[in-house]
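This report refers to the structure that appears directly beneath it.
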Amino acid sequence: MLSRTFLTLLPYLAGFGAAAPTAIHGPPPPLPAHQLSARDDANTYNSSLPNITIFATGGTIAGSAASNTQTTGYQAGVLGVDRHARGAAQPDAAGAGRARRPALPGRRGDARHRHARGVGPVPGPDGTVRSEKSVVVVGAMRPATAVAADGPMNLLEAVLLAASPSARGRGAMVVLNDRIGSAFYVTKTHANALDTFAAREQGYLGFFIDAGPIFYYAPALPLGRAHFDVLSLRTLPQVGVLFGHQDLTPALARAAVDAGARGLVLAGMGAGSWTPAGSTVLAELARDRRTQVVASSRAMGGFVRRAGTGNVYGAQNLNPQKARIMLQLALGVGYSSEQLATLFAFGS
């Protein structure tokens, strides 16, 4: 049982919104002068409870609809996470662009505090540090106003997972629908169903019984897991995703680079294949414009190896969305072509 809940409201950082952390804990650490704390004085402290910092970033879990049967067409990110556990309303996570995403790593000092045992970012599932502290991502598939909304249980399970010693050494995890998945591998597989997040090849790490985590395996980290120090970044480089199909327009790749893209991710056919005309344009961009290109597959699973040419890499088993984020982070911290080749080799 959580004996006390503290609400911390942090002002937006210049240029982008900083995620607002909510700490659920025993004796609280001192707060900086710019923070406001609201306490539930009806409860008493239990110093044996672990500290969990929650970063609320909006999305479906904070969504509101006109009726309690409406699960689509709702307004995301309008309710405070205090609907579930004392928090502050945040914008829809799907609207968190390149400038806003570095704000969350920028708050990692809150999670590093000696009182904190775990940290739980709470994004919308459309969007979803190198430390021994557990990192758990959680969201919801139904808005908070829906009958049988899944957000409250998901959030409770995420907090209990972050507080559990059994969660150590497993990397970032995703919690939805009573399942625990590796954030490196899970992806959204259905637009509406509660059991949307899955890793078809790698499987789940565990599940929940009575809100307590049960793991299938001993702690382990995914191969290819990388650390990027993004504290100094104010925005992430522009990286576009191009969808592969018959009769695709190769000029779209050139247009993306002309518009400022430093990298391109190809959601290719099959094992990342592209049309001959498209491949010619991409090779020119990689050679003449130093555009970094990552080939991935538009399929739900599979493996894409490096194409073997300069500045072109294979996403391995990352889907286009994850490959894009990895390329953005790598370019943002200044990775060279050689470092990118090593990064996307995933230790193989």
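Each value in this text was obtained by applying a stated rule to the coordinates, not by laboratory testing. As the structure is a prediction and not an experimental result, all values here were calculated from the model. No Cβ is skipped: glycine too gets one built from the backbone with ideal geometry, and neighbour counts run over all protein chains shown.
Round to a whole angstrom and tell me the spacing of the C-alpha centers of the stretch 170-212 and the stretch 251-275.
Measuring centre to centre over Cα atoms gives 30 Å.
Using the eigenvalues of the Cα gyration tensor, what equivalent ellipsoid semi-axes result for the stretch 239-343 when each is taken as the square root of five times the eigenvalue, whole Å, largest first?
18, 17, 12
Could you rank the peptides 194-202, 168-176 by their average count of other C-beta atoms within 10 Å per residue, with the highest value first?
My ranking of the peptides, most packed first, is 168-176, 194-202.
Within 10 Å of each residue's Cβ, count the other Cβ atoms and sort T291, T69, T280 from fewest upward.
Placing the least packed residue first, the sequence is T69, T280, T291.
Using only alpha carbon positions, build the gyration tensor of the stretch 138-178, then give the equivalent ellipsoid semi-axes as the square roots of 5 times its eigenvalues, largest first, whole angstrom.
23, 9, 6
Restricting the count to DSSP beta bridges whose residues both fall in the stretch 200-348, what percent are antiparallel, rounded to a multiple of 5?
30
Quick check: convex hull over the Cα atoms of the stretch 188-279, volume per residue in Å³, rounded to an integer?
Each residue corresponds to 207 Å³ of Cα convex hull volume.
Sorting check: for 321-329, 143-151, 228-236, which peptide has the highest mean count of neighbouring beta carbons within 10 Å, and how do the rest follow?
The densest-packed peptide leads the list: 321-329, 143-151, 228-236.
By count of other Cβ within 10 Å, fewest leading, how are S337, S134 ordered?
Result, fewest neighbours first: S337, S134.
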